[in-house]
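Undergrad: I have a structure I would like to understand better, so I am pasting it below and will then ask my questions one at a time.
The values are calculated or read from the model by the stated rules, or taken from the named source; none is laboratory data. Just so it is clear, the model here is predicted, and its values are computed rather than measured. FYI the Cβ positions are ideal-geometry reconstructions off the backbone, even for glycines, and counts take in every protein chain you see.
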Amino acid sequence: MVRGNSRQGTGNPFIPVRCLLFLIPLSLGIDTPCIRPYSDVMKENPEGLIVALTGASGMPYARRLLQILCEKGMQVHLSISEAAFLVIREELGLGLDIENPDLEALVGWQGHSHRVRSIWYHRVTQLDAPIASGSFPTRGMVIIPCSMNTLGAVANGLASNLIQRAASVTLKENRRLILVPRETPMNAINLENMLKAARAGAQLIPAMPGFYHHPKTVEDLVDFMVARMLDSLQIGHDLLVPYEPHTNEVRGEGPIRGQGSSRNL
Ligand SMILES: Cc1cc2nc3c(=O)[nH]c(=O)nc-3n(C[C@H](O)[C@H](O)[C@H](O)COP(=O)(O)O)c2cc1C
């Protein structure tokens, strides 16, 4: 696991070797912010959020969500599928290292490592990560963007990587699971999988921004979607203000970024 940009190792943090690594510098009076056990992390914030990036288009949504969560100091458990690294390269122009990705770059805040300190990275192959267990408390999980592949796995109860396993755990623990699927057009299997996932308790928030808030920029469209996810997670934000039909405004000059609408339409 990697926190922020600091190497954390990749195995189970509860193994004795890790405890020793933690205790030795502690006994010497040395602060070890990068080798802390999870019990400390959980004390800090017992209800972190799992954020998983999979290989669908839509990485700007993921980046914006991570920015907001970091700004709020929320503990984020991040996992990224192998295909997502390919899409990140295409859409964000970043060639990230799967073992130790540059989280500052991913979030878009190079040179500000302290701002991504609340992110804990878990490799997608790390099936013994704490988020693979229901006993690890979280407030839920967002898969953003969610590929049709991962959607199919989640809808059908597969758990062959950490993202799928964490989603399965989130459902079995009756926690909030938000899927942000993106594909077009969708085939009948995709549609059936969305229905299956919804029936199993997931919330589907497809990457389908609206236009009634009169977006001026791509960022406005991204914020529209991220606002929906934050609303669903009951995390306060000021990305958009509640919708009110405009009566006196000139057509095409409606509310702008920070003043638009997020009503459930
Ligand atoms: C640049 C790029 C864009 C892609 N966009 C999508 C997409 O929008 N939706 C989707 O379902 N799959 C998309 N794919 C295909 C998935 O990445 C592929 O099915 C992969 O197996 C998903 O694996 P994952 O679910 O483990 O991330 C894209 C792939 C690439 C390389």
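Undergrad: Got a number for residues in the stretch 196-216 being over 18 Å from residue 227 (Cα atoms) and either at pLDDT below 95 or in a helix (DSSP H, G or I) (or both)?
TA: 4
Undergrad: Separate question: Restricting to the stretch 156-181, count the residues that are surrounded by fewer than 21 Cβ atoms within 10 Å (Cβ to Cβ) and closer than 24 Å to residue 224 by Cα.
TA: Summing the residues that are surrounded by fewer than 21 Cβ atoms within 10 Å (Cβ to Cβ) and closer than 24 Å to residue 224 by Cα in the stretch 156-181 gives 2.
Undergrad: Answer yes or no as to whether residue 185 is away from the ligand (no atom under 15 Å from the Cβ) and not in a helix (DSSP H, G or I).
TA: no
Undergrad: I've got another one for you. Within the stretch 207-248, track down each residue that is surrounded by 15 or more Cβ atoms within 10 Å (Cβ to Cβ), free of Cβ contacts under 8 Å to residues at least 40 places away in the same chain and in contact with a Lys or Arg (Cβ under 7 Å, 6 or more places away or on another chain).
TA: Across the stretch 207-248, the qualifying residue is only 243.
Undergrad: Which residue pairs have Cβ atoms under 9 Å apart, sit 6 or more places apart or on different chains, and have a first residue in the stretch 145-156 that is in contact (Cβ under 8 Å) with a residue 12 or more places away in the chain and farther than 11 Å from residue 189 by Cβ and a second that is of a type in the set (D, E, K, R) and within 7 Å of the ligand (Cβ to nearest atom)?
TA: 145/182; 146/182; 147/182; 147/183
Undergrad: Continuing with the same structure: State whether one or more residues within the stretch 166-179 are within 11 Å of the ligand (Cβ to nearest atom), of a type in the set (Val, Ile, Thr) and either in the same structural domain as residue 136 (by TED's automatic domain parsing) or not in a helix (DSSP H, G or I) (or both).
TA: No, the stretch 166-179 contains no residue that is within 11 Å of the ligand (Cβ to nearest atom), of a type in the set (Val, Ile, Thr) and either in the same structural domain as residue 136 (by TED's automatic domain parsing) or not in a helix (DSSP H, G or I) (or both).
Undergrad: Exactly one condition in (1) out of contact with any helix residue (DSSP H, G or I) (no Cβ under 8 Å at 6 or more places or on another chain); (2) touching a residue at least 24 places away in the same chain (Cβ under 8 Å); (3) within 11 Å of the ligand (Cβ to nearest atom) is false for residue 124; which is it?
TA: (1)
Undergrad: I need a count of the residues in the stretch 85-108 that are assigned to a helix (DSSP H, G or I) and either farther than 11 Å from residue 59 by Cα or within 12 Å of the ligand (Cβ to nearest atom) (or both).
TA: Of the residues in that region, 11 qualify.
Undergrad: If you don't mind, there's one more thing I want to ask. With 140, 152, 111 as the choices, which residue is of a type in the set (Gly, Ala, Ser), more than 26 Å from residue 199 (Cα to Cα) and either in the same structural domain as residue 49 (by TED's automatic domain parsing) or away from the ligand (no atom under 16 Å from the Cβ) (or both)?
TA: 111
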